[in-house]
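Inspection log for the structure reproduced underneath, given as structure tokens.
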Ligand code: SIN
Ligand code: FE2
């Protein structure tokens, strides 16, 4: 098993999980996914305010958000077509870091520019909470913040660099987390700069 750092109970970081060649290959595969399923700006439930990240998905289900709420659906909200399949390379990361869990159904692709952020939240739109959330980061380094199970509790911040994997599982599955900032120019992986975060989840009961 790769080396894990336990940041908080059930919150693990795997620095340098993917080497440069693996990062480049995954970057190119995600580029092909984005060509078929163009990034869109999710909107906050009720207010309709757009998020600062743009998103897309691959796999049988994708996470979307608009005035009707957060949900998973099988098709792109703007093109109406099914999400592209998840690259095998990505599913292999799930198999390694979530052994024994049912296969992932959704991979959310979050795209951060130099000013994008993500507020503290829990990932709890999934019916299957026994499977971990498995995430991979590509491109510019992010300052990631993780807390406990209650909003407003103590938090810790740490950096997620290109190639780092992270899991939220067991007692950390519902930990509050968010992205405080991205450090522009901290990686040469993406020609246009910015950060890509890939988050795999099991959605339905497995
Ligand atoms: C998320 O919580 O969906 C994204 C986390 C990240 O960008 O690292
Ligand atoms: Fe999240």
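Where a number appears in this text, it was derived from the coordinates with a stated rule and is not lab data. Predicted model, so just to flag it, every value in this text is computed and none were measured. Because the Cβ atoms are built from the backbone with ideal geometry, glycine has one as well, and the counts that use them run over all protein chains shown.
The table below lists the values:
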read-out: Spin-label proximity, residue 19 to the stretch 142-170 - amide N less than 17 Å from point 7 Å beyond Cα toward beta carbon; value: 162-165
read-out: Gyration tensor (alpha-carbon) shape descriptor, the stretch 100-206, a/c threshold 1.5; value: oblate
read-out: Estimated [θ] at 222 nm from DSSP helical runs (n ≥ 4, -39500 (n - 2.57)) normalised by residues in the chain, nearest 500; value: -4000 deg cm²/dmol
read-out: Rounded FRET efficiency, nearest 0.05, which uses the C-beta distance separating residue 205 from residue 114 and R0 of 30 Å; value: 0.15
read-out: Distance (nanometres) between label positions extended 7 Å along Cα→Cβ at residue 128 and residue 191; value: 3.7
read-out: Alpha carbon centroid spacing (whole Å) that separates the stretch 8-61 from the stretch 93-162; value: 10
read-out: Percentage relative contact order, the chain, counting C-alpha pairs under 8 Å, at least six apart; value: 26
read-out: Packing-based exposure ordering (other Cβ within 10 Å, fewest first) of 140, 28, 66; value: 28, 66, 140
read-out: Neighbour-count order for 13, 107, 58, fewest beta carbons within 10 angstrom listed first; value: 13, 58, 107
read-out: The stretch 1-44: C-alpha gyration tensor shape, a/c 1.5 cut-off, then a/b vs b/c; value: oblate
read-out: By average C-beta atoms within 10 angstrom, highest first, the peptides 47-57, 164-174, 71-81; value: 164-174, 47-57, 71-81
read-out: Ascending count of other beta-carbon atoms within 10 Å, so fewest first, for 179, 146; value: 146, 179
read-out: Distance in nm between pseudo-label sites at residue 52 and residue 158 (7 Å out along the Cβ direction from Cα); value: 2.3
read-out: Using a Förster distance of 41 Å, the FRET efficiency for residue 28-residue 150 (Cβ separation, nearest 0.05); value: 0.50
